[in-house]
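Notes to accompany the following structure.
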């Protein structure tokens with residue numbers, strides 16, 4: 001009988017470390033978005049900022065949005081806690097990604113799990129908050145702004161879904177999993 005050669009699978013230590021660096025940088029981007037939503041929930045924009053914000057959308061075809069319409073939109077979103085839902089979700093995601101990426105860079109399995117939990121929280125909370133914001137936009141804002149907020153729902157879902165996929169890679173890839181659990185040894189006994 002012919003013996004077939006065995007292929008040894010070696011742990012991949014570089015992959016999880018590279019993903020950890022990517023997630024570490026992403027944590028700061030997500031934190032910035034979460035902080036912006038936190039400010040919008042508590043303070044909102046002043047009239048001058050709203051006028052600057054509405055300049056480009058109002059220059060397009062369709063129904064323009066007035067400062068009063070935007071104020072009504074903003075008040076309704078704050079009442080429905082749309083900004084708050086998204087802010088809490090994104091800030092907790094940033095915290096999980098920040099801590100988890102450091103642990104993942106040290107090749108600890110709990111770091112990868114923490115990143116997945118954070119990305120899942122960001123995905124669910126980000127999409128839920130964006131949907132609340134979009135529903136209010138459809139009620140109060142002009143055509144160009146309605147489309148903008150509708151796109152934000154898909155954009156938030158896509159970006160956080162991508163973040164979740166990247167965070168899950170070290171747990172899904174066999175070689176990366178081996179690097180995260182170095183105590184596991186394969187039995188290569190011959191019969």
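The values are calculated or read from the model by the stated rules, or taken from the named source; none is laboratory data. Nothing here was measured: the structure is a model prediction, and the numbers come from that model. Neighbour counts are summed over all protein chains in view; Cβ atoms, including those assigned to glycine, are modelled from backbone coordinates with ideal geometry.
With 102, 116 as the choices, which residue is surrounded by fewer than 17 Cβ atoms within 10 Å (Cβ to Cβ), farther than 29 Å from residue 76 by Cβ, touching a helix residue (DSSP H, G or I) at 6+ places or on another chain (Cβ under 9 Å) and at pLDDT 95 or above?
Working: 116 fails: surrounded by fewer than 17 Cβ atoms within 10 Å (Cβ to Cβ).
Only one candidate passes the filter, namely 102.
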(request) Please go through the range 7-17 and pick out each residue that is surrounded by 14 or more Cβ atoms within 10 Å (Cβ to Cβ) and part of a helix (DSSP H, G or I). (result) 15, 16, 17
(message) Need pairs with beta-carbon distance below 9 Å; first residue in contact (Cβ under 8 Å) with a residue 60 or more places away in the chain and at positive phi and within the range 52-69, second surrounded by 11 or more Cβ atoms within 10 Å (Cβ to Cβ) and not in a loop (DSSP other than H, G, I, E, B); sequence gap 6+ or separate chains.
(response) 62/143; 62/144; 62/146; 62/147
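Would you mind stating whether residue 89 is within 20 Å of residue 74 (Cβ to Cβ), assigned to a helix (DSSP H, G or I) and touching a helix residue (DSSP H, G or I) at 6+ places or on another chain (Cβ under 6 Å)? Don't jump to the end; show me each part of the working.
Values: within 20 Å of residue 74 (Cβ to Cβ): yes; assigned to a helix (DSSP H, G or I): yes; touching a helix residue (DSSP H, G or I) at 6+ places or on another chain (Cβ under 6 Å): yes.
Answer is yes for this residue.
When you scan the range 80-87, do you find a residue that is in contact (Cβ under 8 Å) with a residue 12 or more places away in the chain, within 12 Å of the chain's Cα centre (by Cα) and either buried (at least 18 other Cβ atoms within 10 Å of the Cβ) or more than 23 Å from residue 53 (Cα to Cα) (or both), even just one?
Scanning the range 80-87 turns up at least one residue that is in contact (Cβ under 8 Å) with a residue 12 or more places away in the chain, within 12 Å of the chain's Cα centre (by Cα) and either buried (at least 18 other Cβ atoms within 10 Å of the Cβ) or more than 23 Å from residue 53 (Cα to Cα) (or both).
I'd like the full set of residues that are without any contact (Cβ under 8 Å) to a residue 40 or more places away in the chain and touching a helix residue (DSSP H, G or I) at 6+ places or on another chain (Cβ under 8 Å), limited to the range 136-154.
Filtering the range 136-154 for residues without any contact (Cβ under 8 Å) to a residue 40 or more places away in the chain gives 138, 146-147, 149-154.
Correct list: 138, 146, 149, 150, 152, 153.
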(message) Here is a check on your reading of the model: is residue 4 out of contact with any strand residue (DSSP E or B) (no Cβ under 6 Å at 6 or more places or on another chain), free of Cβ contacts under 8 Å to residues at least 24 places away in the same chain and in a loop (DSSP other than H, G, I, E, B)?
(response) yes
(request) Return the total of residues in the range 31-49 being touching a helix residue (DSSP H, G or I) at 6+ places or on another chain (Cβ under 7 Å), modelled with pLDDT under 95, assigned to a helix (DSSP H, G or I) and surrounded by fewer than 19 Cβ atoms within 10 Å (Cβ to Cβ). (result) 1
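Given 28, 24, 53, which one is modelled with pLDDT of 95 or more and surrounded by 15 or more Cβ atoms within 10 Å (Cβ to Cβ)?
Values: 28 fails: surrounded by 15 or more Cβ atoms within 10 Å (Cβ to Cβ); 53 fails: modelled with pLDDT of 95 or more.
Answer to the check: 24.
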(request) Tell me, please, whether a residue that is at pLDDT 90 or above, under 12 Å from the mean Cα position of the chain (by Cα) and either crowded, with 17+ Cβ neighbours inside 10 Å or more than 22 Å from residue 57 (Cβ to Cβ) (or both) can be found in the range 170-191. (result) no
(request) Return yes or no: is residue 137 assigned to a helix (DSSP H, G or I), within 18 Å of the chain's Cα centre (by Cα) and either at pLDDT 95 or above or within 26 Å of residue 48 (Cβ to Cβ) (or both)? (result) no
